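Reviewing the structure listed below.
The values are calculated or read from the model by the stated rules, or taken from the named source; none is laboratory data. These numbers were taken from a predicted model, which means no experiment stands behind them. Quick reminder, even Gly has a Cβ in these numbers, built from the backbone with ideal geometry, and neighbours come from all protein chains shown. Ligands, DNA and RNA are stripped out before the accessible areas are found, and what is left, the full protein with its side chains, is counted by its heavy atoms. Shrake-Rupley method; radii C 1.70, N 1.55, O 1.52, S 1.80 Å.
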Amino acid sequence: MSRPGIREVASVAEVAIGTVSNFLNHPERVSEAKSRRIREAIDTLGFVPSSAGRQLRMGVSTLLGYLVPDVSNPHFAEIAESIERRADERGLSVLIANSHRSREREDAYLRLFEQHQVRGIIAASHESLDARLAAVRERGTASVIVGQRAMDAPQPSVSVDDVAGGRLAVEHLVDRGRGRIAF
């Protein structure tokens, strides 16, 4: 059995296809009476709008990809939650891919993200991603490395400076009169 499409919704709601399209993409353009009929038709038919179709029409994706080496690690889970929250504020959704620290899985997910034409990729790995993300960037998908500093100048990254952090921690303890410090 095939999925009902926008034509079937329009037929059941007794409106034009363009009215259903406006209902889905610009609801403020549709009267309350027609909106109610379209909503009822959608519920009756079990219609699910195609995000792929919308992406083709708009020419821009509403998806971001987040590649993580271990989703059970609280550090990466916290980053994922922050990414989702910020993406949601901008009307975007996040596909989260758990590579289980496997290079092959990372590569497969990077390909999958490109196939789904995500708007951008946020990637964390246990090894260097620069060369692989350079190829992705060359094909038109933006990317950011998190958790490690990029080795390649054009590759954006967000990371912690552990040396400076350690220095600041020791200075803080010394300033508080502590002289025997262990790490």
Any residue in segment 92-107 that is in contact with a Gly (Cβ under 9 Å, 6 or more places away or on another chain), of a type outside the set (Lys, Arg), assigned to a helix (DSSP H, G or I) and closer than 13 Å to Gly65 by Cβ? no
Condition set assigned to a loop (DSSP other than H, G, I, E, B) and of a type in the set (D, E, K, R), scope segment 3-41, selection least open to solvent (accessible area, probe 1.4 Å): answer is Glu14
Hey, does segment 55-62 have a residue that's open to solvent by less than 60 Å² (accessible area, probe 1.4 Å), among the small types (Gly, Ala, Ser) and either in a strand (DSSP E or B) or modelled with pLDDT of 90 or more (or both)? no
Of the conditions (1) assigned to a helix (DSSP H, G or I); (2) within 30 Å of Ser50 (Cα to Cα); (3) open to solvent by less than 90 Å² (accessible area, probe 1.4 Å); (4) not β-branched (Val, Ile, Thr), the single one that Ala131 does not satisfy is (2)
Log entry, pairs with first residue in segment 116-133 being over 22 Å from Glu84 (Cα atoms), second being polar (S, T, N, Q), beta carbons closer than 7 Å, six or more apart or on different chains, reads Asp130/Gln155
